[in-house]
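The values are calculated or read from the model by the stated rules, or taken from the named source; none is laboratory data. Keep in mind it's a predicted model, so treat the numbers as computed, not measured. Here the Cβ is made from the backbone with ideal geometry for all residues, glycine too, and neighbour counts use every protein chain on show. Accessible surface is based on the protein model in full, side chains and every heavy atom, while ligands, DNA and RNA are left aside. Shrake-Rupley method; radii C 1.70, N 1.55, O 1.52, S 1.80 Å.
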Amino acid sequence: MNTSILSSLGIATLLFSACTEDTEEEAEQNTDKKNVILIMTDDQGYGDLGFTGNSIVKTPTTDSLAEESVQFTNFYVSPVSAPTRASLMTGRYSLRTGIYDTYNGGAIMANEEVTVAEILKDNGYHTGIFGKWHLGDNYPFRPIDQGFTTSLVHRSGGIGQVGDIANYFEFDSSYFDPVLYKNGKEIQTEGYCSDVYTEGAIDFMRENKAEPFFLYLSFNAPHTPLQLPEEYYEMYKNIDPSDREAFPGNQPFPDDMSESEKEAARKVYGMVTNIDDNMEKLFTALEENGLEENTLIIFLTDNGPQQRRYKAGFRGRKSSVYEGGIHVPFLMKLGDEFPSNKTVDVPAAHIDILPTILDICNISMEKEVQIDGKSLLPLIQGNEVPWADRPLYFYWQRSYPEPYQNVAVRKGNYKLVGHAPYTASLDDLELFNLEKDPYEKNNILSSNKEQAREFKSLFDDWYGKIMESPHLNEIQSIKVGSDQENPVILNRNDAKGQPGIWNQMEIYGYWDIEVVQEADYDIVFHFHKPLEESGTMNLRMGTVKRTMHNEMGMGENTREINMPGIHLKKGQYSLESWYSSQGRHILPFYVEIKQQ
C-alpha cells in the first residue's frame, strides 16, 4: 500500500503486507529506514514547559526541540495513563483493546492487539521500551510479549505503586535505585529512575545504530510520588509557583494555591527539568552517532497534571475530559525532511501516532486491523485533508465508561462535554466553541441546540458500537503454568473487586487467570501488614477449595502463608483468596503462584 493511500485512511480497515524473507538488496535497504524515538512523560501538563508559556520551569532542550519541530497545537490524549498508552501503541481507542481503567483489572491490553512495536519488529526494526508500560505485568501482556525486543520497565502504573511490589515498601525512596524488569527478569538498578531509563535508552540506541530502531522512552515522572534528586529540588525550592507575573496575563490562573500545592509544583518542575536534561543526553548521543537526520523524534505527555498549578489556562486536570485533562503538547521532528517551528492547529490525537509512524517510515503490516487514527503526514507537509473536522471521543471513569459521565466529543472547533447521569437530557450537557473560548468558560448549548444534538447523537452511536468491542467483552486472563513466566505474581493493580481496591486489607478482590498446564502449584499469599491473629487462609478457584489454619505458633506476625502442592487443571478461573480471623476477611496484597 503506498503512502498516499495510507495518508488518507480514517476509521477503516488497513490491509498490511510484509515480506518474511529478506533478499540481499532488501537487507541493504533496511539501513535506510527511518529510526523512531517516541518520548512520553507521565502527568506532565501542557503548562509545564517553557515553550507553552511557563517562565519558571527550565526546559531548554524541549523548548529547542519545539523550535525545530512541527507542533500540533490541538493534540489530545485520554484523561488517564493506561488508555492513552493503549491508543498510542495500537492506533485504536483504548476500549477496543480491552483497556478501560488504570487498575482494578482494567489496565490489561489484549495480547491479540497489534502494536506499533510488533509492526516495526516484523519489518526489521530493533524495538526497545524504557520506563512505563502500564498495559499488563504478566505473560502474555508484557512489552516483551507485545513486540519489544528490549524492555526495561517497572510494574503497574508507577514505581512504588501497589502493583510494583519490589519497590512499594521503599516508600520515600522508591524512585532511587529501583528494582526494574529487564526483558521480564527482575534486576536491581542504581540511580534515579529517569536517569536509569535514559542510560538504558542510549545504550540501546548505540547497540542498534547500524540497523533501524524504534525507541520508546516512557518516563514515569513527574507522576507521584514526587521524589527527585536534591540538586533539582534546589533549583526551585525558593520560587513561587503562584507568581502571576511569571505566566501569560490573559489566561485563567490558580492564584489561590495552597502551600502544599506550591511545594508539589516545585518538585514537579524539578522532575521536569531532570527529564529535560536527560533528553539532552539522548539527543547528544543521537548526534554523536550520526543518526540525527534519519531519526523521527516524537514528544508528548500522557494526560494533564494531577496537581493544581499553571495549566496554560485550561480547565480541569488529569482524569477530566475538559481541556486541562486531555490537551497536551505534541512535537514531531525529522531532520531536514520536516519544517522547523511550524504549527498545525487541526485537532489530532494519540490514535494518530501509529498510522503516522507507518506512513513516514513507509511500512505496512500483514493483519487486518480496524484503525481509528489517521496519518498526520499530509498536515505536516502542508496539505489539506478531508477529515479535518472528524469527531474525536474522550471518556473515563473508574471501571467501564457510562454515558454521560466525564465524556466529550470534539468536532471542528466545537466540543460537547458531559458530566451528567445516563438519564441526562440535552440541556444537562455543555457545548463550547474552543476557537473563541479555549478555556471552556462559556457554555453555549442553549443557543446551539441543533449542533449539540448532532454531537450527542454522534457520541451515542459511537458509544453503542465501541462497547460491543470483542476485547472489551472478553476476560483478559493472566496465564499460569506457561514456560514464559514462572512464578507468576498477581498484584493489586490487576485485582478486580470492590471499587477503589488498592492497598486495603479488608476488601473483596480476585484475579482472572488461565491455567495452561495441569500440574501441582505452590501458592504463597503475601499480606500488606503482618497477620496478628490466628485464622484460616482460604483459596477458591472454580470447584477447587482449600483452607489452611494458621496458629500464631506457626510464626507470629507473619506476612505470608504458603499453600504447597495445589493441583490445578487447565481452565479459566477467578482466583479468590482471603484470610479469616475473628470476623475479619483480609485480602492478600499479592499472590505468588509457582509450578512445581
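For the reader, a short list of remarks on this structure follows.
- Helix 449-466 vs. the chain, principal-axis angle (Cα, 0 to 90°, nearest 10): 40 degrees
- Each of the chymotrypsin sites (Phe, Trp or Tyr not before Pro) that DSSP puts in a loop and that has at most 16 other Cβ atoms within 10 Å breaks the chain; the longest unbroken stretch is 170-386.
- Residues of segment 453-497 with amide N under 19 Å of the 7 Å Cα→Cβ point at Gln370: 457-476
- Calculated FRET efficiency for the pair Asn183/Glu533, C-beta based, R₀ 45 Å, to 0.05: 0.60
- Listed candidates [x] 34.3; [y] 36.8; [z] 28.2 - label of the one calculated as mean projected area of the Cα convex hull in nm²: [z]
- Taken over segment 51-194, the convex hull of the Cα atoms encloses 153 Å³ per residue.
- Here Lys465 and Ser340 are evaluated by their C-beta separation; at R0 = 30 Å the FRET efficiency comes out at 0.15.
- Fraction of accessible area attributable to carbon and sulfur, segment 290-381 (%, probe 1.4 Å): 39 percent
- Segment Arg559-Asn383, extension gain: residue separation times 0.36 nm, minus the distance between their alpha carbons: 57.1 nm
- Based on the reciprocal of the average 1/r between different C-alpha atoms, the Kirkwood radius for segment 424-580 equals 20.0 Å.
- Measuring against 26 Å, Cα to Cα, the residue pairs Lys182/Lys318; Lys182/Lys367; Lys58/Lys342; Lys267/Lys311 contain Lys182/Lys318; Lys182/Lys367 as the ones spanning a longer distance.
- Where GluC sites (Glu not before Pro) fall in DSSP loop in segment 320-392, at most 10 other Cβ within 10 Å: Glu384
- Stretchable slack from Trp502 to Asp172, in nm (0.36 nm times residue separation minus alpha-carbon distance): 117.0 nm
- Taking the Cα centre of the chain as origin and assigning +1 to Lys and Arg Cβ atoms and -1 to Asp and Glu Cβ atoms, the resulting dipole is close to 1860 debye.
- Candidate cross-link partners of Lys449 among the lysines, defined by an alpha-carbon separation under 21 Å and a same-chain spacing of 8 or more, comprise Lys411, Lys415, Lys436, Lys441.
- At an R0 of 45 angstrom, the distance between the Cβ atoms of Asn443 and Asp203 translates into a FRET efficiency of 0.30.
- Trypsin sites (Lys or Arg not before Pro) restricted to segment 511-596 and DSSP loop, no more than 14 other C-beta within 10 Å: Lys569, Lys570
- Counting 0.36 nm for each residue step from Asn473 to Glu292 and taking away their Cα separation leaves a gain of 60.8 nm.
- When only alpha carbons are used to place a centre, segment 36-111 and segment 464-515 end up 25 Å from one another.
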